[in-house]
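Asker: Structure below; questions to follow.
Derivation of every value follows stated rules applied to the coordinates shown; laboratory data play no part. These numbers were taken from a predicted model, which means no experiment stands behind them. For neighbour counting, all protein chains shown are included, and Cβ atoms are generated from backbone atoms with ideal geometry for every residue, glycine included.
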Amino acid sequence: MLKPDYQNMKFLFEPRSVAIVGASHSTKKIGYQVTQNVVTGGYRGRIYPINPQGGEILGVPVYKTIEDVEEDIDLACIVVPAKYVFESIKSCCAKNVKHSLIITSGFSEVGNTEEENEIREYANAHGMRIMGPNMFGLYFSSSALNATFSPPGIIPGGVAIITQSGALGLAMIGKTAVENMGLSSICSVGNKCDIDEADLLEYLVPHEDTKVILMYIEGVRNGERFIEALKKATKKKPVIVVKSGRSKRGAAAAASHTGSLAGADNVFDAIMKQCGVLRAESVQDAFTWCKYISNNPFPRGKETVIVTNGGGIGVLETDACEQYGVSLYDNAGKLKDVFSPVTPDFGSMKNPIDITGGAKSRHYDEALGAALKCKSIHSVLALYCETAVFDSEKLPEMVRRNYENYKKQGKPILFSLFGGQKMEEAVMTLSGENIPVYSNIKDSVSPLGAVYTYKNYLEAHADDMDDIAMDIDAINEIVDKARAEDRYFLLTHEAQHIMTIAGVPIPQTIITSSMAEAVKSAEAIGYPVVMKVVSKDIIHKSDAGGVAINLLNEKEVVDAYEAIMRNCKTNVPGALIEGIEVAEMVKAGTEIIAGAKIDPSFGPIIMVGLGGIYVEVMKDVAFRAYPLNRREVLSMISEIRSYPLLLGVRGEKTKDIDSLVDINLKLGAIVHQCRGISDIEVNPVVVYEQGKGAKAVDTRILLSREQRGDING
Ligand code: ACO
């Protein structure tokens, strides 16, 4: 595949010339509609419709073949039936076309993957990038290029949309027109055989007119690159994602507990948060946020004030603020200073500011004006419940006036107007003017919540990645040995050896091959000890009677040694017993599960959760993907519901969270750096009081069944 190249992507978004291969004379055909959009959409470059019949379409001369065009062509839109696509791509390559949008369907989405791959390989080998196939085209406001078969009349603006669903994307175009939401770009990635979301983000992020990027995603391919692109993107502008397919089937197929808990959707959700991406529940929410973000200033700080004429609606708005992470200003003294001159005696100067049901438009002007002047207030939510005393004919003007005043000062204000027919009409009109006016509480708070979530992310994140050095060759040697024995799992002592190489503290353990050695080892470790059989033929050691715990003296060790040998020979006849492991009996502490695995979409991810025997029941887990640093891991740990157990409950001391962070980072680094390992799960990691460390007690490691590339590849 060709490496992404910003300069080259310019020819996709801002081509100097466009050919439409399959430009049709028939107005009903997609080839005609694409040509019509390019010709009538304001595109200023050269246009070459291609059709064997020649002639003219919309006054533009048609060339019989692409080879007939004498000038260079930057972009070709392919709208010929699938069986002619490869041949057309070959002609485009012969003409040194830089990009092709293949709108045609009938490739990998219907099982024709082989031809799709051949097309990509051929194009890439000739220096051409492919977008699609099976997509609706691309619109870019800066070049006024509408190479799609959407209904004409896209409104230029600040929202870029990348969608995996073509049909939904086309419908979104219609909806943007209804909502008066301007687009800087819209494209569908189709089967993304070559160009994918990461390539598109790379071009759209520096694009000045693009204020916010909305992505509709169904599945992620090449997730590590996608994460990298998202992290880069969110440093510059908000990215909103709507993802469908919250299926649990992927989780069921996973090989270890880490996998089974990593139901595809919660992993996706965690990674989006980690990348600073705002995830919207619905396309409607995403539109509301995009429209708000693309038209309004960012708040300078976190303090928000609600101004209302109704107590009840104010309380509902307060609840919504808590739900969406909007922080309400509560400096009582300051609020009184600011609002007492503009609030009746029987109103409230505690946030929400209640200017009471008797308020008229001038009372709103006064209260909103006071909030605008106050530098300690950073954003305002203005609520209005329809009343008979309000001079309702002045409502739209009051909203417009205050909105403009706030916009000039760079302070966000959002309105919620609640009531009958007149209110609904006012909302429609004002919202059509791109003023943030909503008819329900949730919609007036959620866009502000999205902005604050993004702002908090920007403030909290730097992109330092903590490198963990370890002897990867030594780990690879253990993995290679297991693979030579045709195993996809490691034996306990092999997993422990890897933990030791990575510097993960484990209980002191000695593998013994005789009773005398077992006794000597127990004494060296110190009683009490645990003994376990070592055998690759015995996976479930306890079931086979191969485990004895809390052995307090030499006699108990001798008895346990004999019992383990006897039980295992009886219960698993023919098993090769390689020895008996003698280990320190770990002291009680807080039991956590920690793991790392290769996620099929996102590459290496780590997880943490409440450990021990309740892990499956509680499903109290959090995830993160690479790149990772201590702060990110700490934020993952603090997300689990059981986090208070680590902070210490009922007078307990705080646990050694730093040691747990270390273990998480090291488990992640093993999977990230050693491409032969697919899953590590440690359950439990026993975490002691602060300063006393943590121990990885039981480690299971699975090996990759698929070839994984170089970590930089
Ligand atoms: N070079 C140039 N022109 C050619 C060539 C060629 N090699 N071969 C055929 N043509 C011309 C034809 O003469 C015809 O023009 P005409 O109408 O003037 O005669 C034109 O190309 C189109 O060819 P048709 O055979 O008429 O094909 P049709 O327009 O019916 O379908 C299409 C072509 C639209 C590409 C179809 O195969 C297809 O894939 N449709 C689905 C598209 C789609 O939905 N994509 C996903 C979008 S996203 C979503 O889900 C909405």
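Asker: Rank 670, 635, 697 by how far each Cα sits towards the positive end of the charge dipole of the stretch 631-713 (+1 on Lys, Arg Cβ; -1 on Asp, Glu Cβ) and give me just the farthest.
Answerer: 697
Asker: If the chain between residue 405 and residue 281 were fully stretched, how many nm would it gain, using 0.36 nm times the residue separation less the Cα-Cα distance?
Answerer: Details: separation 124, 0.36 × 124 = 44.64 nm, distance 3.22 nm.
Once the chain is fully extended between residue 405 and residue 281, it gains 41.4 nm.
Asker: Oh, and also: Dividing the Cα convex hull volume of the chain by residue count, how many Å³ per residue is that?
Answerer: On the way: hull volume 131.9 nm³, N = 713.
With only Cα atoms used, the chain gives 185 Å³ per residue.
Asker: Report, please, the projected area of the stretch 308-426 averaged over directions, based on the convex hull of its C-alpha atoms, in nm². Present the calculation step by step, with values, prior to reporting the outcome.
Answerer: Numbers: hull surface 28.2 nm².
Hull-based average projected area comes out at 7.1 nm².
Asker: When the Karplus curve 6.51 cos²θ - 1.76 cosθ + 1.60 is applied with θ = phi - 60°, which whole-Hz ³J(HN,Hα) does each residue of the stretch 559-571 get, with x for Gly and Pro?
Answerer: Values, residue by residue: 4, 5, 4, 5, 5, 4, 4, 5, 4, 5, 5, 6, 7 Hz.
Asker: Another question about this same structure. Over the stretch 546-628, one equal point on each Cα, no solvent: what is log10 I(q)/I(0) by the Debye formula at q = 0.14 Å⁻¹?
Answerer: Once normalised to I(0) and log-transformed, intensities are -0.78.
Asker: What nm distance separates the two modelled labels at residue 516 and residue 474, each placed 7 Å from Cα along Cα→Cβ?
Answerer: So the two model labels end up 3.0 nm from each other.
Asker: Can you sort 29, 273, 655 so the residue with the fewest Cβ neighbours within 10 Å comes first? Let's see the in-between values first.
Answerer: Values: 29 15, 273 19, 655 22.
Going from sparsest to densest Cβ surroundings: 29, 273, 655.
Asker: On a full-extension model of 0.36 nm per residue, what is the gain between residue 94 and residue 508, subtracting their alpha-carbon distance, rounded to one decimal in nm?
Answerer: Result for the pair: 142.3 nm of gain on full extension.
Asker: Given H placed on each backbone N at 1.01 Å, which residues far from residue 535 in sequence or on other chains put an amide H within less than 5 Å of it?
Answerer: Here 578 satisfy the definition.
Asker: Another question about this same structure. Using Cα pairs closer than 8 Å and at least 6 residues apart in sequence, work out the relative contact order for the chain, in percent. Walk me through the intermediate numbers first.
Answerer: Numbers: 1451 pairs, mean separation 60.2, N = 713.
Relative contact order comes out at 8 percent.
Asker: Moving to a separate point now. Would you please put 187-199, 43-55, 70-82, 601-613 in order of how densely packed they are, using the mean number of other Cβ atoms within 10 angstrom per residue and starting with the highest?
Answerer: 187-199, 601-613, 70-82, 43-55
Asker: What does the charge count around residue 701 come to, taking other residues whose C-beta lies under 10 Å from its C-beta (Lys +1, Arg +1, Asp -1, Glu -1)?
Answerer: Working: positive: 700; negative: 494, 679, 681.
Net charge around residue 701: -2.
Asker: Return the distance in nm (one decimal) between the two label points of a simple spin-label model at residue 433 and residue 122, each offset 7 Å from Cα along Cα→Cβ.
Answerer: 5.7
Asker: What is the magnitude of the charge dipole of the chain about its Cα centre, with +1 placed on the Cβ of each Lys and Arg, -1 on the Cβ of each Asp and Glu, and no other charges, expressed in debye to the nearest 20? It would help to have the intermediate numbers written out before the result.
Answerer: Numbers: 76 positive and 89 negative charges, 296 e Å.
The calculation lands at about 1420 debye.
Asker: Between residue 571 and residue 456, what length comes free when the chain is fully extended (0.36 nm per residue of separation minus the Cα-Cα distance, one decimal in nm)? Working shown, then result.
Answerer: On the way: separation 115, 0.36 × 115 = 41.40 nm, distance 5.79 nm.
Net length gain for the segment: 35.6 nm.
Asker: In the chain, with Lys and Arg counted as +1 and Asp and Glu as -1 at Cβ, which of these residues, 446, 385, 9, has the Cα nearest the positive end of the dipole, that is, farthest along it?
Answerer: The residue sitting most towards the positive pole is 385.
Asker: Which one of 39, 358, 565 is farthest out on the positive end of the charge dipole of the chain, using unit charges on Cβ (Lys, Arg +1; Asp, Glu -1) and the Cα centre as origin?
Answerer: Value computed over the given set: 358.
Asker: To the nearest 0.05, what FRET efficiency results for residue 334 and residue 587 with a Förster distance of 45 Å applied to their C-beta separation? Let's see the in-between values first.
Answerer: Numbers: r = 52 Å, r/R0 = 1.16.
Calculated value: 0.30.
Asker: Quick one: if you stick a label point 7 Å off each Cα along the C-beta vector at residue 350 and residue 500, how many nm between them?
Answerer: Those two pseudo-labels are separated by 6.3 nm.
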